[in-house]
Amino acid sequence: MNYIIRQAVPADKPYIEKLFNEMLRSIYNTDDTEEYEAGYLDKFFGGSADRIFVAVVNGETAAYISVEAYPEHIYLDDFSVSEKYRKMGIGTALVKRVEEYAGELGLTGVELHVEKSNASALRLYEKLGYRIADEEESRFKMTKKGEI
């Protein structure tokens with residue numbers, strides 16, 4: 001399958017919001033999901049080091065991953081691959097792009113939280129070298145450091 005990964009632009013917002021809701025429905029098994037707060041996505045387009053990367057397949061936004069840059073690490077904020085594009089390597093490619101971006105910024109770590117109930121995401125992160133650093137109520141904090 002051919003796809004491209006690129007930095008998101010403001011015109012991608014409706015597709016990112018759609019994927020965000022698909023992610024929430026999948027994780028929580030409900031159609032009762034919330035939207036991003038008005039203006040929330042703007043921080044990723046305002047010139048800071050925070051970014052959203054999208055994967056595009058035949059002109060369709062198939063996935064996205066948003067990251068926040070901190071002095072020591074990248075925090076993987078939201079990550080969603082549309083159901084019809086799962087198990088095709090797109091999620092792996094997006095996480096690797098985030099790791100490359102961390103390296104571009106001179107950072108050596110990536111942190112994230114994953115819902116304990118999201119077994120497929122947990123397997124993906126473990127396969128990519130992430131380790132559980134802490135256990136919280138309904139989720140794990142995972143990290144990958146020094147190997148980015």
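Every read-out reported here was derived from the displayed coordinates using simple, explicitly stated rules and does not represent laboratory data. Not measured: the values here are computed from a predicted model. All Cβ positions, glycine included, derive from the backbone under ideal geometry; neighbour counts span all protein chains shown.
Under a 5 Å amide H cut-off, with hydrogens placed 1.01 Å from N, Asp78 pairs with Ser66 among residues at least 5 apart or on other chains. Name the residue from Val95, Gly39, Asn2 whose Cα lies farthest towards the positive end of the charge dipole of the chain, charges +1 on Cβ of Lys and Arg and -1 on Cβ of Asp and Glu. Most positive-ward Cα: Asn2.
At 0.36 nm per residue, minus the direct Cα-Cα distance, what do Lys145 and Glu104 gain on full extension? Give it in nm, one decimal, please. Please report the intermediate quantities before stating the final value.
Numbers: separation 41, 0.36 × 41 = 14.76 nm, distance 1.48 nm.
Working it through step by step, the gained length comes to 13.3 nm.
Of the labelled figures (i) 16.2; (ii) 14.9; (iii) 15.6, only one reflects Kirkwood radius over Cα pairs in Å as derived from the coordinates, namely (iii). Listed by chain and number, the lysines whose C-alpha is less than 17 Å from the C-alpha of Lys144, apart from same-chain residues fewer than 8 away, are Lys96, Lys127.
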